[in-house]
Amino acid sequence: MVNRICPLCEATCGLTLTIEGTEVTAIRGDSEDVFSRGYICPKGVSLGELHADPQRLTTPLIKGEDGQLHPASWDEAFAVIRDRLRPILGEHGPQSVGLFLGNPNVHNLSGPFYLPAFIKALGTTQRFSASTVDQMPKQVACALMYGTALSVPVPDIDRTHYFLMLGANPMVSNGSMMTAADFPGRLRRLRQRGGTLVVVDPVRTRTAAAASEHVSIRPGSDALWLASLAHLLAQAADLGLAQPWVDANEWESIVQLLAPFTPEATAQITGIDPATTHRIAQELKEAPSAAVYGRMGTTTSGLTNGDQVIPMATLASWLIDVINISIGALDSPGGVMFPLPVAGGPSTEGSAGSGHGVQIPGRRRTRVRGLPSALGEFPASTLAEEIDTPDPESGERIRAVFVVGGNPIVSTPNQERLTAAFRSLDLLVSVDPYLTATSSLADVVLPVASPLTRPQHDVVFNNLAVRNQARYSAPVFDVPEGEKDETEVLAQLAAIAAGIASGHEPTTAQIDDLIAYTVAAQACTDTASRAHGRAPEELLEAVSSRTGVERILDLRIRSGPYGDGFGSHPDGLTLQHLQDAPHGIDLGPLQPRLPEVLRTPSGRIDIAPDVLLEALGNAALLLNEPTTAPRFTLVGRRQLRSNNSWMKGLPTLTGGSNIPTAMIHTDDATELGIVDGADVTVSTITGSITLPASVRGDVARGCVCIPHGWAEANVNALVDVTAIDALAGTSVLSGLQVNLAPA
Ligand SMILES: Nc1nc2c(c(=O)[nH]1)N[C@H]1C(S)=C(S)[C@@H](COP(=O)(O)OP(=O)(O)OC[C@H]3O[C@@H](n4cnc5c(=O)[nH]c(N)nc54)[C@H](O)[C@@H]3O)O[C@H]1N2
Ligand SMILES: Nc1nc2c(c(=O)[nH]1)N[C@H]1C(S)=C(S)[C@@H](COP(=O)(O)OP(=O)(O)OC[C@H]3O[C@@H](n4cnc5c(=O)[nH]c(N)nc54)[C@H](O)[C@@H]3O)O[C@H]1N2
Ligand code: SF4
Ligand SMILES: [Mo]
């Protein structure tokens, strides 16, 4: 039996695996895990199947003259990349190389620790990722207010009395931007202690059904409803612990701009009756503690008005924090609080209480549409045009793309255009253990070994966890002969890129040392670090028995907020402490972190950024005249037995209801003559898909609810690349007008 943190979603459950030889024969939740206490979901159960999956690639693939992918050796695969990349970089420069980084990168240690070295070696700023079809608006709003992309306060779900949740379905998703293993249990305990959960969603989801109250809302209109709540709460606000860090004049400017957003004025757009809005505002104010939280439905939806799509995701994300601050919930137990991650993170680095902050809109612009970068990335929706539209003067465009742990053909808008663009590249490399809609287009596929062959620690998600804890899993199995760990693959890619740039290719061991040195040097420089003032050499000497990601993790833990500081805090933690605690170390409930958590130049909460005040002013214009809702509106959903676009072939996750369907309301079905299970065609000007209808009473009339992640019946064949939240570069995926007809 071995313990293992599940790498498959943000919940980060501790699992217990029964091992016989090289096989996993059983998996259950680890009842002693300090964080997840025995919880497991169907995806976790399938981890053994994933490990043993015969479909998982074990050797690199290279596209041959025949246009087909063929197995090849690692040396051959890296040689093709080296030979093709050199002239591209030489003739067209680093900006001709793009990167698409997918979701799994934040679920392991190689991505956070090794990708930066590869990107730096390439020298490109053409970075795209799944974040701009996901959570970027929340990160942008929080970065503006608190100073970094991971300064995101999370609901203190274990202590709150009142939880207002918009556009999230954690009973199925297991939570996102809120690492809370066993959401069902935490919700049960919330209800048991007399707490309230209110869910705002156009669909009566499992979470809505388990809640105290479900409020249906017109897709894309959350920002307006949140503005009404903020209007009711901000005027006579009791800012609580946040008070000293909020400038009164700035607060007043928000109060004034919120004036037009009376519940009566927004009701005609949101469909939420004013009495409900008044009541919920009152409940938020009166609850002993309360937390407001929004997820996919607030970060990736837009309001369709006639033939216009109006993205308001960053605005909605900001207003959630404005409300939380209005009711004194920020940094307060039972409200929304900042986690303190054991291996540190952006909110623990630098100097306590102030920092560089961020520039939004970002400094750089996409070449074709001139759209701004957000937190160092370009909108995923612009990747196709940056490839297929050469600059009229210079002829420059993106000519090579490295996709690492992503499947953008399925996960980003306009499947057809991106497919054609990828086919036209001079070089497409996919670092992926599976043949997917994306990797099958690649010139070179570099597979990575099973997740059970790598160590696990959630260096990213501990920044978002509802309880502070420290957990680590050692690799369960060795990397099989002939396969490679992702760390090695990324180090080799970094070495190739560095070699092309400098004329002398470093070894992967040198790349390893360079990364470790960089981490050590930062720890010594940061005044917030427990290793501040030491010499990097001294730190590296102390961790010299370790290599790869473990060496870096140890450096980060020891210099981090609970670390031993390499002697400065003798009672502090090292990686060894985590290794010695197979069920993890509980570090207690979240603690107030103001003002230490702030990394804004002002050292305050930058509560009223100009760009958001402007967005709020623009939103007020919508209140002046009636808006027109489409007859049919697309909304997204997740499925319990799926993980975005992958893991579809595993026995535990296959079959039954686990297929893409278009959920529609009974009355709409009757009107169009659609029966349950019959095929329907859903279309937009961008594309059309055919899939079975699921006729039901739990979706709002006019909603067509379709899951993403399916290569056939791909909802992103319907989604256009034009609707993008301006501040966060994030695509509108929900709230779009669609046509619906029997197939
Ligand atoms: N219309 C619509 N589109 C959406 C969404 C939506 O709700 N609606 N959701 C969006 C969201 S939230 C997300 S996160 C994105 C996801 O977007 P992506 O990250 O592009 O998609 P995934 O399906 O997560 O793809 C992960 C890929 O990584 C591979 N992989 C698995 N494990 C590893 C590993 O350890 N290393 C490497 N290198 N590869 C690995 C898998 O085989 C798979 O091909 O999709 C987004 N797209
Ligand atoms: N089983 C499973 N779990 C997963 C995943 C998976 O694919 N499968 N994916 C993981 C990933 S990458 C992520 S990011 C998380 C996402 O986690 P969640 O955000 O919790 O999951 P979603 O199902 O996307 O929930 C979005 C909800 O928003 C609603 N919605 C759509 N438009 C609007 C709107 O305009 N306003 C409001 N208020 N609601 C709206 C939808 O009906 C849906 O119920 O899930 C993660 N967990
Ligand atoms: S909820 Fe997430 S972390 Fe927990 S077992 Fe399921 S997939 Fe793994
Ligand atoms: Mo996601």
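The values are calculated or read from the model by the stated rules, or taken from the named source; none is laboratory data. Quick caveat: nothing in here was measured; it's all calculated off a predicted structure. Don't worry about glycine lacking a Cβ; one is built from the backbone with ideal geometry, like all the others, and counts go over all protein chains shown. Keep in mind that these areas ignore ligands, DNA and RNA; they rest on the heavy atoms of the full protein, side chains included. Shrake-Rupley method; radii C 1.70, N 1.55, O 1.52, S 1.80 Å.
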For this session: Check L452 against each of (1) under 26 Å from P707 (Cβ atoms); (2) part of a helix (DSSP H, G or I) and name the one condition it does not meet.
Result: (1)
For this session: Could you check segment 683-743 for strands (runs of 3 or more DSSP E) lying wholly inside it with 2 or more residues that are among the charged types (D, E, K, R) and within 24 Å of N169 (Cβ to Cβ)?
Result: none
Exercise. Does any residue of segment 74-91 turn out to be in a loop (DSSP other than H, G, I, E, B) and either open to solvent by 30 Å² or more (accessible area, probe 1.4 Å) or more than 16 Å from ligand 4 (Cβ to nearest atom) (or both)?
Worked result: no
Problem set entry | Tally, over segment 321-376, of residues that are closer than 15 Å to C142 by Cβ and either part of a strand (DSSP E or B) or without any contact (Cβ under 8 Å) to a residue 24 or more places away in the chain (or both) | 5
Problem set entry | Selection count where residues are open to solvent by 10 Å² or more (accessible area, probe 1.4 Å) and within 13 Å of ligand 4 (Cβ to nearest atom), scope segment 173-192 | 3
Problem set entry | Members of segment 149-168 found to be under 15 Å from the mean Cα position of the chain (by Cα) and over 20 Å from I323 (Cβ atoms), listed by number | A149, L150
Seminar exercise, completed: Residue hits (segment 197-209; open to solvent by less than 40 Å² (accessible area, probe 1.4 Å) and either over 25 Å from G302 (Cα atoms) or more than 16 Å from ligand 1 (Cβ to nearest atom) (or both)) are L197, V198, V199, V200, A208
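Let's see how each residue does on (1) of a type outside the set (G, A, S); (2) within 16 Å of ligand 1 (Cβ to nearest atom); (3) in contact with a strand residue (DSSP E or B) (Cβ under 9 Å, 6 or more places away or on another chain); (4) not assigned by TED's automatic domain parsing to the domain that holds V699:
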residue: P595; (1), (2), (3), (4): yes, no, yes, yes
residue: D606; (1), (2), (3), (4): yes, no, no, yes
residue: L653; (1), (2), (3), (4): yes, yes, yes, no
residue: I659; (1), (2), (3), (4): yes, no, yes, no
Exercise. Out of all the residues in segment 270-284, which are part of a loop (DSSP other than H, G, I, E, B), touching a residue at least 24 places away in the same chain (Cβ under 8 Å) and open to solvent by 10 Å² or more (accessible area, probe 1.4 Å)?
Worked result: G271
For this session: Could you grab the pairs with beta carbons closer than 8 Å, sequence gap of 6+ or different chains, first residue in segment 246-269 and touching a residue at least 40 places away in the same chain (Cβ under 8 Å) and in the same structural domain as P609 (by TED's automatic domain parsing), second one part of a helix (DSSP H, G or I) and of a type in the set (S, T, Y)?
Result: F261/S228; A265/S228; T266/S228; T266/T277
For this session: Name the residue, out of D53, D75, D66, that is of a type in the set (D, E), under 27 Å from the mean Cα position of the chain (by Cα) and either more than 22 Å from K648 (Cα to Cα) or within 16 Å of ligand 1 (Cβ to nearest atom) (or both).
Result: D53
Exercise. Looking only at helices (runs of 4 or more DSSP H) that fall completely inside segment 113-227, which ones have 2 or more residues that are assigned by TED's automatic domain parsing to the domain that holds D610?
Worked result: 170-173, 183-192, 206-210
Exercise. For segment 513-522, which residues satisfy the criterion of being open to solvent by 10 Å² or more (accessible area, probe 1.4 Å) and not hydroxyl-bearing (S, T, Y)?
Worked result: D513, L514, I515, V519, A521, Q522
Seminar exercise, completed: Flagged pairs (Cβ under 6 angstrom, 6 or more apart or on separate chains; first in segment 639-656, over 18 Å from P104 (Cβ atoms) and open to solvent by less than 60 Å² (accessible area, probe 1.4 Å); second small (G, A, S) and more than 8 Å from ligand 2 (Cβ to nearest atom)) are T652/S46
